[in-house]
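Please read the structure below before turning to the comments.
The values are calculated or read from the model by the stated rules, or taken from the named source; none is laboratory data. On a predicted model such as this, the values are computed, not experimentally measured, just so you know. Positions of Cβ are backbone-derived with ideal geometry, glycine not excepted, and every protein chain shown enters the neighbour counts. For accessibility, only protein heavy atoms count, side chains too; no ligands or nucleic acids. Shrake-Rupley method; radii C 1.70, N 1.55, O 1.52, S 1.80 Å.
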Amino acid sequence: MEDRISKLAPSILSADFCRLGEQIHELEENDIELLHIDVMDGVFVPSISFGMPVIKSIRKITDMFFDVHLMISEPIRYIEKLAECGADGITVHIEACKDLEATLRKIKEQNMKCAVAINPDTEIEKIENVLDMVDMVLVMSVYPGFGGQKFILDSFEKIKKLDDIRKSRRLDFLIEIDGGVNVDNAKKISASGADWLVAGTAVFSGNINDNIMKLKEEI
Ligand code: DX5
Ligand code: ZN
């Protein structure tokens, strides 16, 4: 019997920024525990999203866990500042770091949870050497940069492979999946071994309460 429970991680990238505070409260009313915060720099990914001022502002209105997904080059430069803004956990891309281990160490030194993200074309083998030091692995199931894309089916294999590795090596990192999660695939993703399912469009497009209820039924 599996005792693992998958949970929903709404990504505020798809929120209505005019009503961000209100929508965050709506998530809280639906017992959401973690907020996925996508920071993009226009260099590592084509888009620019938002950064420190937004994180600092929303920190004032909620105690939810801030899961900050950095899609920026050389994220090591911003770890301390993000800790000051109230981040609880930081995810960095292996493809964006010159020294991944040093970057992860810096996140830990700031007493935050640390995670490594891999793009759809990056193999699990590339991060095997850091699996014993990370709190979480983020598997990108779309090419990073935009919400509303289609889930890449190969991602199921990646989740399963990571789940097998953590079992065989007796590691306790969590697995997060990000991109294209919706009511139709959430059940299968959850069953593959993912702990956190990030969803932007599927949560914020239309009625948030209904969307969360339907997603939670699946995961
Ligand atoms: C994509 C971001 C995702 C994005 C997910 O680069 O990392 O977190 O917001 O959005 P959906 O759920 O719409 O694919
Ligand atoms: Zn993300």
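Quick notes
- Computed on region 90-219, with alpha-carbon pairs under 8 angstrom and 6+ residues apart, the relative contact order is 19 percent.
- Among PHE50, PHE173, PHE156: highest mean-square fluctuation, GNM of the chain, C-alpha pairs under 10 Å: PHE50
- 10 Å beta-carbon shell around HIS36, net charge (K/R +1, D/E -1): -4
- With all protein chains kept in place, the per residue accessible area of region 60-197 amounts to 46 square angstrom at a probe of 1.4 angstrom.
- Size-normalised alpha-carbon gyration radius of region 100-219, reference 2.2 N^0.38 Å: 1.09
- Here, the chain is characterised by an Rg to Rh ratio of 0.93, where Rg is the alpha-carbon radius of gyration and Rh the Kirkwood radius.
- FRET efficiency, 1/(1 + (r/R0)^6) with R0 30 Å, evaluated for MET213 and CYS18 via beta carbons: 0.80
- Among the GluC sites (Glu not before Pro) within region 95-196, those in coil by DSSP and having at most 13 neighbouring Cβ atoms inside 10 Å are GLU123.
- Principal semi-axes of the equivalent ellipsoid, √(5λ) from the alpha carbon gyration tensor of region 70-126, are 20, 10, 10 Å from largest down.
- For SER11, the solvent-accessible surface with a 1.4 Å probe is about 10 Å², rounded to the nearest 10.
- Largest-first principal axis extents, alpha carbons of region 95-167, Å: 36, 30, 20
- Subtracting the Cα-Cα distance of ASP184 and SER57 from 0.36 nm times their residue separation leaves 42.3 nm of extension gain.
- When a 1.4 Å probe is rolled over the protein heavy atoms, the share of accessible surface on the chain that falls to carbon and sulfur comes to 50 percent.
- Charged neighbours of GLU176, selected by a Cβ distance under 9 Å, balance to -3 (K, R count +1; D, E count -1).
- Translational D in µm²/s for region 1-131 (Stokes-Einstein at 10 °C, 1.306 mPa s, Kirkwood Rh from C-alpha pairs): 102 µm²/s
- Three-way shape call for region 42-88 based on the alpha-carbon gyration tensor, with the a/c threshold at 1.5: prolate
- SER49 sits among other residues whose Cβ lies under 13 Å from its own Cβ, and their net charge, with Lys and Arg +1 and Asp and Glu -1, is -2.
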